1. Taking R0 as 41 Å, what's the FRET efficiency between ALA195 and ARG139 from their Cβ-Cβ distance, rounded to 0.05?
2. How much length is gained if the chain between ASN236 and ASP94 is pulled fully straight, taking 0.36 nm per residue apart and subtracting their Cα-Cα distance, in nm to one decimal?
3. Taking a ≥ b ≥ c as the square roots of the Cα gyration tensor eigenvalues, with a/c under 1.5 meaning rounded and otherwise prolate when a/b beats b/c, else oblate, which class fits the range 110-190?
4. So if R0 is 22 Å, what FRET efficiency would GLN229 and GLU269 give, r being the distance between their Cβ atoms, rounded to the nearest 0.05?
5. Which of the peptides 57-69, 251-263, 270-282 is most tightly packed, and how do the rest follow, going by the mean number of other Cβ atoms within 10 Å of each residue?
6. Using a Förster distance of 30 angstrom, determine the FRET efficiency expected from the C-beta separation of SER160 and LYS4, and round it to 0.05.
7. Say each of LEU12 and ARG261 gets a label point 7 Å from the Cα, pointing the same way as Cα to Cβ; how far apart are those two points in nm?
8. Using unit Cβ charges (K, R positive; D, E negative) and no other charged atoms, how large, in debye to the nearest 20, is the dipole of the chain about its Cα centre?
Amino acid sequence: MHPKIAKKEVTLHVIRRFGLSLSKRLGQNFLISEQVVDQIVASACLSPEDTVLEIGPGIGTLTQGLAETGASVVAVELDARLVEVLATTLEGYDNIRVVHGDILKTDISREIKAEKYKVVANLPYYITTPIIMTLLERRLPIEVLVTMVQKEVAQRMTASPGGKDYGALSVAVQYYTEPELLFDVPPTAFIPAPAVDSSVIRCTVRTKPPVDVADERRFFRVVKGAFSQRRKTLSNALKTTGLSSEQIAAILTKAQINPIRRGETLSLEEFATIANAWSSSES
Ligand code: SAM
């Protein structure tokens, strides 16, 4: 039985013992709540047959909880000092492999050969969106992502059309996955305490997108364009895609979407209808 890392006194001891100064720039806020670690691990429904990718293991707090399920864990950490610390804090676990690298630049398919795997992470908040979007856009064989993110980002990922939280991130995440907001985590669950509230979100990757899109790149160009100037009408905002006013008018007529609507009111289906009308206008 290994001693739990997810405790304030153990975390402080590790920080002191290795003389660590935590980097704000790299989003180094370490979990000190055993209960939160257990809840995150339970949300991923892990078994010894599973392979898990953890992003940013820090000093190994969540990594340890993941490894205790018997799953095979591959943990990618950018900070070389922490990679050294992990060799000590996770000593004795033969189902953990720590990879030193930037998750955005790591060739994950080379590191993980499993047919399918799960992603579980307390993400560094400064790059939450690039990490999630990179993993989804690469179409890796990920079944589910259970991640701790800033509460505000979790709200944006799960937002429905019409509200201020709904944007390009909501559309993209909901296109690739079925997101569920699971629970909130207060700043007191971390050392050092972050300035914001956090939430754990589970995104189950879809086997097939929820809408039929003829050209995915075009779909995302429409989404990006529509949200590029949130206060503008669709007919104005879509000009950022490079289309002329006449082309936009013809596409919106064909899609039967009122041109004075704003992007934030459109459902995924409506974005798909616009993108498909654009595609068919060129064929
Ligand atoms: N998993 C630990 C925990 O829950 O206590 C630490 C989480 S901490 C919020 C984020 C971790 O991500 C830090 O260890 C940080 O060094 C690491 N990190 C930051 N940027 C990264 C990147 N681009 N690739 C991999 N790890 C990164």
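What follows draws every value from the coordinates through simple rules; no lab data is involved. Everything numeric in this text was worked out from a predicted model, so none of it was measured. Here the Cβ is made from the backbone with ideal geometry for all residues, glycine too, and neighbour counts use every protein chain on show.
1. Values: r = 34 Å, r/R0 = 0.84.
Approximately 0.75, to the nearest 0.05.
2. Result for the pair: 45.4 nm of gain on full extension.
3. Details: a/c = 2.03, a/b = 1.28, b/c = 1.59.
It is oblate, given that a/c is not under 1.5 and a/b is not larger than b/c.
4. Working: r = 22 Å, r/R0 = 1.01.
Efficiency, rounded to the nearest 0.05: 0.50.
5. Details: 57-69: 25.3, 251-263: 17.2, 270-282: 19.5.
Going by the mean number of other Cβ atoms within 10 Å, highest first, we get 57-69, 270-282, 251-263.
6. Details: r = 39 Å, r/R0 = 1.29.
For SER160 and LYS4, the calculated efficiency is 0.20.
7. Spacing of the two 7 Å Cα→Cβ label points: 5.6 nm.
8. Computed charge dipole of the chain: roughly 1000 debye.
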